Amino acid sequence: MRLLNFDSENLALDWISFNLEGLINPRVIADRFSKHFTPHVLVDDVPCIGYHGLNKKYKVSIRQYSGSKGYWIGTQITFSGKNAAYFYKLIKTQRFEWDLLKFDGHRLSLGRIDLCFSRFNCFNHTTNLFDEFLVNSRSQIQNCTNTRHIRLQDFPDGKMLKVNRRNNSVHYRIYQKDQRVRFEIELKHRQTKLVQDYLFQNQFDVFEHQLVTQYFQYSKRILCLDYPYTDWVLDFQRRYRQVNSTNSSLLINYLENQINSQETEERIFHLVQVLSFIKKLGLTPSKKCKPQRIKKQNYYFLKFPLNQFVRFIGIQSLKDSQRKKLILYFKGLQKLDPIVKEFSSRAFRSYVCFPYVECENPLGNSWSIEILAAEELFYF
């Protein structure tokens, strides 16, 4: 399964903000950003520390809260619109280092992130058709979800549908702007905590995949798909289902055949344990999980301490006999039958699940496991 990203799905990063808890010196932050941005600094919502001689193309808003108005104490760093897209480009190309936002005793967190899909209006678009789309989407949300805070508001450019309150962890907006329909999702609180570690560790592939998946899943759930405005959701659904169903059915058939061909199901039981363990690790095709390619097949390199796997399967105290049995089990992974893809009566492709397995205890006090796992197993 290929990882999804903002570019592949035509999503724009429209807002990104960070919180530095307890930091009450906004000048040091503003100075660090001044290489790329013109800082706008406010203290308790009052403009402060001007950078009038600086005229950078992109801007950053830095708000420091002292707690005097009941707000939290700390500094908020915000990029909106094209400024957000530019900042994200800087960190992806390593032209801005996270160390510039690290201060002893002050925790950095991702405060909010917005994604937006913008769609041109069709030639047969009318205001009445768009209003009908919003009304029916509102009805779908009321009938099919637990969401109760839904507002359909009138603005000079037309109606806007708002789903959830602004302080909720997920807030969604649909409206028209410049002959386009915009579908915006605003994520905060729990939702940003789920992905912020990927961002701060520069695992942008997983960071974007997680956000893109959530964006489309939420859009599918709340939008009425019987209108031309949602053709992009249907297209994503078709492509994503096609890729996943191919890999899933291949693996399910493989496991069923393995059970039928083995004298015991124990080996398959252990295989499922390993697959579950890999999923639990949350590893990604990055520095922690290096991709390898053999001809037309992708494999992923995994390395982990044996004790971590032991804890996962629920063994509290590992005896020598159990350790030997587990090591023999990992050794036996290569005895699994290969995965076979049949293309026609005269064409097929066959590849092993684990072409490389290594168990070692170099220091005499801790066993480690290294394996190459086929892509289908890695994502199962």
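Kindly provide the set of residues from segment 161-205 that are on the phi > 0 side of the Ramachandran plot and of a type in the set (Asp, Glu), ordered by number. Result: Asp178, single match.
When Thr145, Thr126, Thr93 are checked against the criterion of being within 23 Å of Leu211 (Cα to Cα) and free of Cβ contacts under 8 Å to residues at least 24 places away in the same chain, a single residue qualifies: Thr93. For segment 1-95, the strands (runs of 3 or more DSSP E) that sit wholly inside it and include 1 or more residues that are at pLDDT 85 or above and of a type in the set (Lys, Arg) are 59-65. Candidates are the residues of segment 13-38 that are aliphatic (A, V, I, L, M) and buried (at least 18 other Cβ atoms within 10 Å of the Cβ); the one that is nearest to Leu115 (Cα to Cα) is Leu13.
The condition of being within 20 Å of Lys193 (Cβ to Cβ) and out of contact with any Asp or Glu (no Cβ under 9 Å at 6 or more places or on another chain) holds for only one of Leu90, Leu23, Leu13, Leu54, that being Leu23. Is it the case, given these coordinates, that Arg180 is out of contact with any Ser or Thr (no Cβ under 6 Å at 6 or more places or on another chain), of a type in the set (Lys, Arg) and either at pLDDT below 95 or not assigned by TED's automatic domain parsing to the domain that holds Phe207 (or both)? No; evaluated as a whole, the condition is false for this residue.
The values are calculated or read from the model by the stated rules, or taken from the named source; none is laboratory data. Predicted model, so just to flag it, every value in this text is computed and none were measured. Quick reminder, even Gly has a Cβ in these numbers, built from the backbone with ideal geometry, and neighbours come from all protein chains shown.
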